Amino acid sequence: MALRLSAINLDPSERSRFLYALLGFMCVASAALIGRSAGDTLFLTRFSVDYLSYMYIGTAIVVICASYAYATFAAKMPLGRLIIRTCLLLILLLIVLRFALLQPWAGYRILAYFLSDLVVNVPMMLFWSFAAMLFNPREAKRLFGFIGAGGTCACIGAGFLVRPFAAKLGTENLLLLIGILIGGFAFVVSRRASSPAPSARA
């Protein structure tokens with residue numbers, strides 16, 4: 001990893017939490033960038049750009065409903081379990097939609113646009129809930145900038161890779177790549193949830 005942990009002046013109790021958060025955010029940020037690109041491309045290959053204004057309304061409704069559902073379940077379920085289950089649901093939707101796009105019906109491209117907005121917004125919401133669980137406010141103030149920088153680096157790398165990947169394997173297969181990245185985030189959360197660790201409240 002290019003970023004040396006010693007340069008961030010991490011306490012021993014912070015190192016594992018920082019690495020979990022950094023890797024998780026790199027997965028989430030790159031998935032969001034690829035998701036937005038894939039959703040736009042899949043939609044615009046069948047529909048005119050003039051329809052995007054209507055899509056903005058639809059995606060706003062979809063994201064609001066998803067946020068409401070998340071808030072509802074967050075009050076009833078441990079956060080780690082909720083994050084993992086939500087990620088698994090998104091992965092399932094991405095896989096199903098990928099194979100649905102083998103069919104000629106153009107409506108699947110509209111669904112891809114909506115799902116891309118969920119991929120942009122929901123994992124970000126999940127990540128910051130996860131990060132708030134890991135760090136107390138003092139740690140967050142000191143470390144979140146480095147975590148954000150890691151996400152930016154991941155987006156730069158994804159930006160370079162997404163075009164040749166889509167050209168060689170097809171834009172539709174970007175949905176599977178997004179699923180892998182979201183799966184990486186879920187894996188990070190599951191490892192953190194299963195490992196005994198110092199309290200983030202200290």
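Checking each residue in region 115-173 for being open to solvent by 40 Å² or more (accessible area, probe 1.4 Å), farther than 30 Å from P104 by Cβ and free of Cβ contacts under 8 Å to residues at least 40 places away in the same chain picks out W128, A132, P137, R138, K141, R142, F144, G145, I156, F160. Once region 84-96 is narrowed to residues that are touching a residue at least 60 places away in the same chain (Cβ under 8 Å) and surrounded by fewer than 21 Cβ atoms within 10 Å (Cβ to Cβ), the residue that is farthest from the chain's Cα centre (by Cα) is I95.
In this structure, does A66 turn out to be in a helix (DSSP H, G or I) and without any contact (Cβ under 8 Å) to a residue 12 or more places away in the chain? No, not satisfied.
When residues in region 115-149 are screened for being within 15 Å of L22 (Cβ to Cβ) and β-branched (V, I, T), 1 of them pass.
Of the residues A31, A112, the single one that is in a helix (DSSP H, G or I), open to solvent by less than 30 Å² (accessible area, probe 1.4 Å) and either modelled with pLDDT under 90 or under 30 Å from S13 (Cβ atoms) (or both) is A31. Residues in region 99-134 that are of a type in the set (V, I, T) and under 15 Å from the mean Cα position of the chain (by Cα) were compared, and the one that is farthest from R36 (Cα to Cα) is V122.
The residues of region 60-101 that are modelled with pLDDT under 95 and small (G, A, S), listed by number, are A60, A66, S67, A69, A71, A74, A75, G80.
Every residue in region 86-109 that is within 22 Å of Y51 (Cα to Cα) and part of a loop (DSSP other than H, G, I, E, B), please. Correct list: L101, Q103, P104, W105, A106. Determine whether L10 is open to solvent by less than 80 Å² (accessible area, probe 1.4 Å), outside any helix (DSSP H, G or I) and within 28 Å of F144 (Cα to Cα). In short, yes.
In region 69-83, of all residues being assigned to a helix (DSSP H, G or I) and open to solvent by 70 Å² or more (accessible area, probe 1.4 Å), the one that is nearest to V28 (Cα to Cα) corresponds to R81.
Among the criteria (1) modelled with pLDDT under 95; (2) part of a helix (DSSP H, G or I); (3) more than 27 Å from L111 (Cβ to Cβ), the one L23 does not fulfil is (1). Residue-level check: of (1) loosely packed, with under 13 Cβ neighbours inside 10 Å; (2) within 23 Å of G151 (Cβ to Cβ), S48 misses just (2).
The values are calculated or read from the model by the stated rules, or taken from the named source; none is laboratory data. Model, not experiment: these values are computed from the prediction. Methodologically, a virtual Cβ is constructed for each residue, glycine included, from the backbone with ideal geometry; neighbour enumeration extends over all protein chains shown. When the accessible area is computed, the model is the full protein with side chains, heavy atoms only, and any ligands, DNA or RNA have been set aside. Shrake-Rupley method; radii C 1.70, N 1.55, O 1.52, S 1.80 Å.
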